[in-house]
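Undergrad: Handing you a structure now.
The values are calculated or read from the model by the stated rules, or taken from the named source; none is laboratory data. Bear in mind the structure is a predicted one, so any value in this text is a computation, not a measurement. Note that each Cβ is placed from the backbone with ideal geometry, even for glycine, and that neighbours are counted across all protein chains shown. Surface accessibility is based on the protein's heavy atoms, side chains included, excluding ligands, DNA and RNA. Shrake-Rupley method; radii C 1.70, N 1.55, O 1.52, S 1.80 Å.
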Amino acid sequence: MAIDRVPRRVYGGASSGPTTWGKGLVHEWVVMGDPGVRSASADELGGLYAALAGDPAFDAGSPAVVFVGVLADALVCKRLQHFGFGVHERDGQAPGVYVLGGSLHGMCLTGSDFVEVLERARLRDFAGDVVEEPGFTTLHKPGSDSRGVVQFHLDGLEVVAKIGEAEAIAGEVRFAREVNDLLAREGRRALFPVVHGLRVEGGQAVSLMEAGEPMPIALLFADDRRTTLADDALGRLGAHLDQVSAWYRLTAADRRPTVADYLYRERYHALPAEPVFVSTFRSLFGEVELDEVLDARVLLPGGVDLPSYRESVRWLDEVVPGLLPDHGSAVHGDIYAANMLLRADGSAVLIDPRTVWEGRDRPDVGYGDPVFDFSTLLHGVFPMAAILRAVETDATGELFGEPVRPAAGVLDLSSSRLPVGFPDAVEKLEAVMLQGLPRPDGHARTRLLIGAATSLLGWLKYERSLRTPEAWLATFGYVAWYLDQARKSFDDNGRREL
């Protein structure tokens, strides 16, 4: 049986009803007399479990579908995985799509609408004992911490189900509830989406939370290339800046964040040595050696001649121990425009907090330097929005005026068409962020600039995000530029630091 379409029918409407989320009900709409649905026999199920027992990708506690004698179309499989199904293929028994786990456990689907049946079942699982039938709204692109993000409507609400590794999802739910409760005691709106429930399914979990509208990124910029912030960008970002600044003040403490040295210094050593970083570079640049790029001076437009990456890292090794803050607060970890949402009333929402970098666990997860939080926003508006826009529009070839390839000793990026120097609106944003810190110190601006370079450095390991040598080199060029700006800020000391 070949799959030639993915049904996307929308069900449901609005009605009142109880709101206990995520418990799951037997699906009365699956009629056993339907020729496309039957109960699998005990022998069939036993055979499937035996066949899957040695598969490390099989989680007996999570919902799964097993294609037997059925073409498992790649797009269909990916879509089912977004809904939280494990997907497997086996042979040896009657053809069909067998369901293991969840409320359709033990059923064999043979109709051409099996994708629709499975998706509808998952939405019903998410809705729990809410009487109203849930209706699919959209799929969101999952982040690095999730397998799928499904938005659906139920009982007059738009709800998001985020599916991922159980410990990570449960930790995020705890974190969001703690932050929201803290702000509520101060008479403030929730900063993170209101959590409706948590559904644990073996090694994965599903958080159910309120939906928000994405920040209209294009409106933040005065040009389609997203190189210049619009005049009203600060106003559009104001609700988020106000909320996180209040959160920082409420959670400020006089102890050094354990992650600080990693983010401001050690990560510059660790990332280029990671296999994924090296493989991305090799995929984009072929025979060029990464060491040649890391050791090369960087030339930018206007005769700007910057130290090599490794020379800048040696400078970080010298000065960062004296820059590290002896105070901190609760932090988000990734205040990037894609993680900034708005409610219908305009209030700010943040999603996808990041508390761990490159798998390095630590005792004070969720506690950090708020300066670095603002660094993640800074690098996003200048220059990452422009680089990703070029990727999105297949225009990375226009990032430079002429072809660019690394050469021994010098990386000539002087034909870059992106700005070299902060536009006025970015300088204003920087000032507002520094004023929003709970405890400004003499090196806050230097750390802000180092943190922006750190954030840019992280993109260099993602081939699927950057896609082309030009996008990689543009990003790398700004790593060098931000580190040079940090060095100048450090040298200026009191004259440019708060």
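Undergrad: Determine which member of the set 417, 445 is surrounded by 19 or more Cβ atoms within 10 Å (Cβ to Cβ) and charged (D, E, K, R).
TA: So the residue among 417, 445 that is surrounded by 19 or more Cβ atoms within 10 Å (Cβ to Cβ) and charged (D, E, K, R) is 445.
Undergrad: Another question, then. Consider residue 431 against the criteria (1) touching a residue at least 12 places away in the same chain (Cβ under 8 Å); (2) open to solvent by 10 Å² or more (accessible area, probe 1.4 Å); (3) among the small types (Gly, Ala, Ser): it satisfies all of them except one. Which criterion is unmet?
TA: Only one criterion in (1) touching a residue at least 12 places away in the same chain (Cβ under 8 Å); (2) open to solvent by 10 Å² or more (accessible area, probe 1.4 Å); (3) among the small types (Gly, Ala, Ser) is unmet by residue 431, namely (1).
Conditions tested, residue by residue: (1) of a type in the set (Asp, Glu); (2) under 24 Å from residue 265 (Cβ atoms).
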{"site": "282", "(1), (2)": "no, no"}
{"site": "317", "(1), (2)": "yes, yes"}
{"site": "329", "(1), (2)": "no, yes"}
{"site": "337", "(1), (2)": "no, no"}
{"site": "341", "(1), (2)": "no, no"}
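Undergrad: Within the stretch 144-156, work out how many residues are modelled with pLDDT under 90 and surrounded by 16 or more Cβ atoms within 10 Å (Cβ to Cβ).
TA: Looking only at that region, the number is 2.
Undergrad: With the structure loaded, tell me whether residue 145 is touching a strand residue (DSSP E or B) at 6+ places or on another chain (Cβ under 6 Å), charged (D, E, K, R) and over 16 Å from residue 79 (Cβ atoms) or whether it fails that test.
TA: So residue 145 passes the test.
Undergrad: Within the stretch 185-208, count every residue that is closer than 18 Å to residue 341 by Cβ and open to solvent by 40 Å² or more (accessible area, probe 1.4 Å).
TA: Within the stretch 185-208, residues that are closer than 18 Å to residue 341 by Cβ and open to solvent by 40 Å² or more (accessible area, probe 1.4 Å) number 4.
Undergrad: With the condition kept exactly as written, say whether any residue in the stretch 193-212 is under 28 Å from residue 325 (Cβ atoms) and touching a strand residue (DSSP E or B) at 6+ places or on another chain (Cβ under 8 Å).
TA: No; the residues of the stretch 193-212 include none that is under 28 Å from residue 325 (Cβ atoms) and touching a strand residue (DSSP E or B) at 6+ places or on another chain (Cβ under 8 Å).
Undergrad: In this structure, is residue 176 in a helix (DSSP H, G or I), small (Gly, Ala, Ser), crowded, with 19+ Cβ neighbours inside 10 Å and touching a residue at least 24 places away in the same chain (Cβ under 8 Å)?
TA: So residue 176 fits the description; yes.
Undergrad: For the stretch 269-372, which helices (runs of 4 or more DSSP H) that fit wholly inside it have 2 or more residues that are under 26 Å from residue 421 (Cβ atoms) and open to solvent by 40 Å² or more (accessible area, probe 1.4 Å)?
TA: 309-323
Undergrad: Would you check which residues across the stretch 419-441 are hydrophobic (A, V, I, L, M, F, W, C), outside any helix (DSSP H, G or I) and over 25 Å from the mean Cα position of the chain (by Cα) and list them?
TA: Across the stretch 419-441, the qualifying residues are 420, 422.
Undergrad: Within the stretch 76-89, can one find any residue that is at pLDDT 95 or above, among the aromatic types (Phe, Trp, Tyr), part of a loop (DSSP other than H, G, I, E, B) and under 21 Å from residue 38 (Cα atoms)?
TA: yes
Undergrad: Here's something else I'd like to know. Name the pairs whose Cβ atoms lie under 7 Å apart, with the first residue in the stretch 133-144 and closer than 17 Å to residue 353 by Cβ and in contact (Cβ under 8 Å) with a residue 60 or more places away in the chain, the second open to solvent by less than 50 Å² (accessible area, probe 1.4 Å) and among the charged types (D, E, K, R), and 6 or more positions between them or separate chains?
TA: Final answer for the pair search is 143/352.
Undergrad: Let me ask you something else. Can you tell me which residue is farthest from residue 369 (Cα to Cα) among those in the stretch 442-475 that are more than 19 Å from the chain's Cα centre (by Cα) and outside any helix (DSSP H, G or I)?
TA: Looking at the filtered set, the residue picked out is 468.
Undergrad: In addition: Which count do you get for residues in the stretch 223-262 that are touching a residue at least 24 places away in the same chain (Cβ under 8 Å) and assigned to a helix (DSSP H, G or I)?
TA: 19
Undergrad: A follow-up question, please. Out of all the residues in the stretch 109-133, which are over 20 Å from residue 82 (Cα atoms), open to solvent by 10 Å² or more (accessible area, probe 1.4 Å) and of a type in the set (Val, Ile, Thr)?
TA: 110, 131, listed by residue number.
Undergrad: Next question. When the stretch 407-418 is examined, which residues are found to be over 28 Å from residue 337 (Cβ atoms), modelled with pLDDT of 95 or more and assigned to a loop (DSSP other than H, G, I, E, B)?
TA: Residue satisfying the conditions is 414 alone.
Undergrad: Would you mind stating whether residue 267 is closer than 29 Å to residue 387 by Cβ and at pLDDT 95 or above?
TA: yes
Undergrad: Any residue at all in the stretch 49-69 that's in contact with a Pro (Cβ under 7 Å, 6 or more places away or on another chain) and either of a type outside the set (D, E, K, R) or crowded, with 19+ Cβ neighbours inside 10 Å (or both)?
TA: For the stretch 49-69, residues in contact with a Pro (Cβ under 7 Å, 6 or more places away or on another chain) and either of a type outside the set (D, E, K, R) or crowded, with 19+ Cβ neighbours inside 10 Å (or both): present.
Undergrad: Something else now. Quick check on the stretch 387-406. Is at least one of its residues at pLDDT below 95, open to solvent by less than 20 Å² (accessible area, probe 1.4 Å) and assigned to a helix (DSSP H, G or I)?
TA: No; the residues of the stretch 387-406 include none that is at pLDDT below 95, open to solvent by less than 20 Å² (accessible area, probe 1.4 Å) and assigned to a helix (DSSP H, G or I).
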